[in-house]
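The values are calculated or read from the model by the stated rules, or taken from the named source; none is laboratory data. Since this is a predicted model, take the numbers as computed values, not measurements. Note that we place each Cβ from the backbone using ideal geometry, even for glycine, and neighbour counts take in every protein chain shown. When the accessible area is computed, the model is the full protein with side chains, heavy atoms only, and any ligands, DNA or RNA have been set aside. Shrake-Rupley method; radii C 1.70, N 1.55, O 1.52, S 1.80 Å.
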Amino acid sequence: MPRALVTGITGQDGSYLAEQLLDRGYEVHGLIRRSASFNTDRIDHLYRDPHEEGVRLFLHHADLSEAGRLVKLIYELQPDEVYHLGAQSHVRVSFDIPEYTADITGMGTIRLLEAIRESGVQTRYYQASSSEMFGTAPPPQSEATPFHPRSPYGCAKVMSFWLAVNYRESYGMFCANGVLFNHESPRRGETFVTRKITRALARVKAGLQEHLYLGNLDACRDWGYAPDYTDAMWRILQADEPEDFVIATGETHSVREFLQLASEHLELDPDEFVRIDERYYRPAEVDVLLGDAAKARAKLGWEPTVTFEELVRVMVDADVKLLDDQLSGRAVRLSE
Ligand code: NAP
Ligand code: GDD
């Protein structure tokens with residue numbers, strides 16, 4: 001049974017990847033951070049008591065700031081594949097906590113790569129690289145496009161990208177980068193713009209929220225569906241040789257378009273409730289991301305399966321349902 005180690009398993013991508021790896025017959029080990037409140041919502045449906053028979057998902061407390069723990073886990077688990085998804089992944093927040101972002105999103109990668117190298121474990125390593133690294137580079141962006149990051153997060157990801165390349169070239173390790181463009185889902189973190197919009201729309205529709213405050217509506221992103229992108233991660237590690245791949249839909253849309261389409265789906269008019277708050281502007285913006293995933297199509301047979309319009313509908317419908325469930329859950333509890 002192949003064994004995978006996933007950092008960031010409690011995040012959007014980690015949860016879909018864990019699901020897919022379990023479906024593919026893997027034993028999956030995930031790193032989770034100690035938290036005062038439960039932080040495993042996205043993987044609770046996968047988790048089973050380790051005392052039961054046939055359990056294939058195991059969680060281990062660790063933090064990307066602590067090298068010793070990473071060495072111990074890599075040495076003990078001897079994974080066949082390591083998917084390094086853990087990061088402080090919010091671009092706007094990285095301007096507020098640049099040092100922490102560099103430490104976790106950048107240095108965390110060195111700690112993990114060194115843990116693999118020092119322990120001598122033969123494993124395939126996936127690095128969660130990002131289209132944010134392209135920054136101001138004109139679209140379309142591909143594997144040949146030079147990086148020009150525009151945030152502390154983007155800079156930390158550039159460092160991690162080159163570390164993966166460097167460990168591949170220096171030590172012959174199987175290290176591969178997936179340079180993934182934005183990907184979303186009903187499990188997307190609530191403060192990224194797509195989810196912020198769909199969650200707010202459900203509340204506006206239900207009469208629970210009056211206004212939605214947003215920043216730059218003109219930014220354009222190449223938005224795909226997260227499970228397609230976690231499938232790409234796995235394909236990248238199954239290739240004969242470690243290589244770097246851009247993963248994207250090849251379409252770009254503005255935040256305004258996302259907002260408009262999502263509002264129309266609920267028969268709402270965004271002009272009536274959307275307000276601009278400059279607090280959500282970034283000191284430096286990435287204006288247009290549009291990926292060219294021709295290499296992944298040709299070498300990995302990877303294709304996106306969900307259109308932009310479908311993605312918007314899926315996310316809006318999921319947030320409407322989630323709110324309904326929460327409201328009826330509250331009613332049940334109140335009546336008890
Ligand atoms: P996410 O939802 O923000 O998940 C990030 C994960 O990292 C969470 O499990 C989080 O744990 C964990 N983490 C944060 N700080 C940590 C620390 N100090 N030690 C250990 N774990 C820590 O991100 P995502 O959207 O799933 O993205 C996965 C990866 O792909 C990230 O590296 C992201 O930067 C990158 N990426 C994402 C996109 C995208 O559009 N989603 C595109 C390109 C690249 P908690 O749950 O405890 O916070
Ligand atoms: N978050 C947020 N909140 N973004 C807003 C808002 C708002 O209220 N209003 C407008 N935006 C704009 C941002 O300025 C940005 O141009 C765009 O919406 C997308 O913002 P996010 O959804 O926060 O994503 P991101 O593109 O900055 O970063 C995401 O994608 C990267 C890949 O390109 C994250 O998932 C990163 O981790 C990932 O690497």
Among the listed residues Met173, Met159, Met133, which satisfies the condition of being open to solvent by 10 Å² or more (accessible area, probe 1.4 Å), in contact (Cβ under 8 Å) with a residue 40 or more places away in the chain and within 15 Å of ligand 1 (Cβ to nearest atom)? Met159
Contact list, first residue from the range 19-36 and assigned by TED's automatic domain parsing to the domain that holds Asp228 and within 15 Å of Leu70 (Cβ to Cβ), second anywhere and of a type outside the set (Ser, Thr, Tyr) and at pLDDT below 95, beta-carbon distance below 9 Å, six or more apart or interchain, is Ile32/Asn39; Arg33/Asn39
With respect to the numbered conditions (1) more than 11 Å from ligand 1 (Cβ to nearest atom); (2) part of a loop (DSSP other than H, G, I, E, B); (3) buried (at least 16 other Cβ atoms within 10 Å of the Cβ), which one is the sole condition not fulfilled by Pro50? (3)
In the range 11-26, which residue that is more than 13 Å from Leu46 (Cα to Cα) and within 11 Å of ligand 1 (Cβ to nearest atom) is surrounded by the most Cβ atoms within 10 Å (Cβ to Cβ)? Asp13
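Which ones in the range 283-302 are in a loop (DSSP other than H, G, I, E, B), open to solvent by 50 Å² or more (accessible area, probe 1.4 Å) and either without any contact (Cβ under 8 Å) to a residue 12 or more places away in the chain or touching a Ser or Thr at 6+ places or on another chain (Cβ under 7 Å) (or both)? Walk me through how you get there before you give the answer.
Our first condition is that a residue be in a loop (DSSP other than H, G, I, E, B); within the range 283-302, this holds for 283-287, 289-290, 292-293, 301-302.
Applying the additional criterion that residues be open to solvent by 50 Å² or more (accessible area, probe 1.4 Å) yields 283, 287, 292.
Answer for the range 283-302, where residues must be in a loop (DSSP other than H, G, I, E, B), open to solvent by 50 Å² or more (accessible area, probe 1.4 Å) and either without any contact (Cβ under 8 Å) to a residue 12 or more places away in the chain or touching a Ser or Thr at 6+ places or on another chain (Cβ under 7 Å) (or both): just Asp292.
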Are any of the residues in the range 263-271 out of contact with any Gly (no Cβ under 7 Å at 6 or more places or on another chain), at pLDDT 95 or above, within 28 Å of Val320 (Cβ to Cβ) and within 15 Å of ligand 2 (Cβ to nearest atom)? yes
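Residue check: is Ala137 within 13 Å of ligand 2 (Cβ to nearest atom) and either in the same structural domain as Gly291 (by TED's automatic domain parsing) or closer than 19 Å to Tyr83 by Cβ (or both)? Let's see the steps before the verdict.
On the way: within 13 Å of ligand 2 (Cβ to nearest atom): yes; either in the same structural domain as Gly291 (by TED's automatic domain parsing) or closer than 19 Å to Tyr83 by Cβ (or both): no.
For Ala137, the condition - within 13 Å of ligand 2 (Cβ to nearest atom) and either in the same structural domain as Gly291 (by TED's automatic domain parsing) or closer than 19 Å to Tyr83 by Cβ (or both) - is not met.
Can you tell me how many residues in the range 186-231 are part of a helix (DSSP H, G or I) and within 14 Å of ligand 2 (Cβ to nearest atom)? Spell out how you get there, then give the answer.
Initial filter on the range 186-231 (part of a helix (DSSP H, G or I)): 193-205, 226-231.
Cutting the leftovers down to within 14 Å of ligand 2 (Cβ to nearest atom) gives us 193-201, 226, 229-230.
Looking only at that region, the number is 12.
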Please go through (1) more than 15 Å from ligand 1 (Cβ to nearest atom); (2) part of a helix (DSSP H, G or I); (3) of a type in the set (A, V, I, L, M) for Ala144 and return the number of the only condition it doesn't satisfy. (2)
Boolean, Ile43 is farther than 28 Å from Val158 by Cα and surrounded by 21 or more Cβ atoms within 10 Å (Cβ to Cβ): yes
Of residues in the range 193-213 being open to solvent by 40 Å² or more (accessible area, probe 1.4 Å) and within 15 Å of ligand 1 (Cβ to nearest atom), the one nearest to Tyr229 (Cα to Cα): Val193
